[in-house]
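Peer 1: This is the structure, below, for whatever I ask next.
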Amino acid sequence: MSHLLTRRQLLAAIPAGLLLTRGWAQALEDGQSVMGYKLDLSVLFNLITLSLAGTVTQEIDRKAGRYRVTMEGQGTAISTRTEATGIVQDGRFKPLESRSVHVFRGRQNTSVTTYDYERQRAELHAVAHTLLLGRRRQIDDTIALPQGRHVDDLISAELNFAANTLEREADGTYHTWVVRRARAENEGPDDVSPDGYRAELVPLRFRPAPDGAAGRLVALIDITRFSSWARSDQPARVTFAADRQLESVESALILGTTLSVRVTANA
């Protein structure tokens, strides 16, 4: 996940890269593909509303064992850009670096996460401001990557699910681990830690189930480990088409806040 509603994480905190759009199965082939997305956010019973639309550009070169995904978006008083690069090893997508810059109402929020598999460690450097009061949070930390455990960023997790290379348990539950900012269990939307912040590995788990006769899948994803805005009794509802591509995301958060992601046609 970290706050879902900090400007730095407005997009990135949505589990498993859920802003990636339809057409992903074709995009998993070598070459370049450009797609679209749209996000709507209502905060405090529509007191604050945000809409963001943009494109996702993906480049995969399996022969070279590399991939790059760039996400750009624009809305009223908000803009965002994220670039994620990684390697393709034994068919699995593994992140090397993710860089994000989000600007909201004149405040710039940045995040850089790098993965060093030889040294078995990841580094997280980020500056973010809370949504309501604009308080500053900064993290500069290094975390060990456990041997034998796959770690993803949100983009590689989505790629691996689409490619059916994400780890799966016997009961059909998919799982991975994501590097995030550690937060206190009782952290509020505008709380700032006087002792600074550390990085941690957070589990991401979901079990899709059939939804109707069209081959659609639906998964309820608990995002409370990712955001203090999330509610334990209201997991995000994520719908995938028969080709395992995202169709929609709906999430009811605290303080009368709702999140909606709708898939758009290819750009």
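Peer 1: How high is the relative contact order of the range 7-263, in percent, counting Cα pairs under 8 Å that sit 6 or more residues apart?
Peer 2: 18
Peer 1: Ranking request for peptides 122-132, 203-213: highest mean number of other beta-carbon atoms within 10 Å first, then the rest in descending order.
Peer 2: 122-132, 203-213
Peer 1: If you take every residue apart from residue 162 with its C-beta less than 10 Å away from the C-beta of residue 162, what net charge results, scoring Lys and Arg +1 and Asp and Glu -1?
Peer 2: -1
Peer 1: First measure r as the distance between the Cβ atoms of residue 118 and residue 163, then evaluate 1/(1 + (r/R0)^6) with R0 = 30 Å and state the FRET efficiency to the nearest 0.05.
Peer 2: 0.75
Peer 1: Can you tell me the FRET efficiency between residue 77 and residue 171 if r is taken as the Cβ-Cβ distance and R0 is 35 Å, rounded to the nearest 0.05?
Peer 2: Rounded to the nearest 0.05, the efficiency is 0.20.
Peer 1: Compute the length gained on full extension between residue 30 and residue 218: take 0.36 nm times their separation in residues and subtract their Cα-Cα distance, giving the result in nm to one decimal.
Peer 2: Stretched fully, the residue 30-residue 218 segment lengthens by 64.9 nm.
Peer 1: Enumerate by residue number the chymotrypsin sites (Phe, Trp or Tyr not before Pro) in the range 34-123 meeting two conditions: DSSP loop (anything except H, G, I, E, B), and at most 14 other Cβ atoms within 10 Å of the site's Cβ.
Peer 2: Loop-located and lightly packed - 45, 117.
Peer 1: Something else: For residue 254 and residue 136, calculate 0.36 nm times their separation in residues minus their Cα-Cα distance, and state this gained length in nm to one decimal.
Peer 2: Residue separation times 0.36 nm, minus the Cα-Cα distance, leaves 40.4 nm.
Each value in this text was obtained by applying a stated rule to the coordinates, not by laboratory testing. This one's a predicted model, so the numbers in the text were calculated from it and none came from an experiment. Using ideal geometry, Cβ is built from the backbone for each residue, glycine included, and neighbour counts are taken over all protein chains shown.
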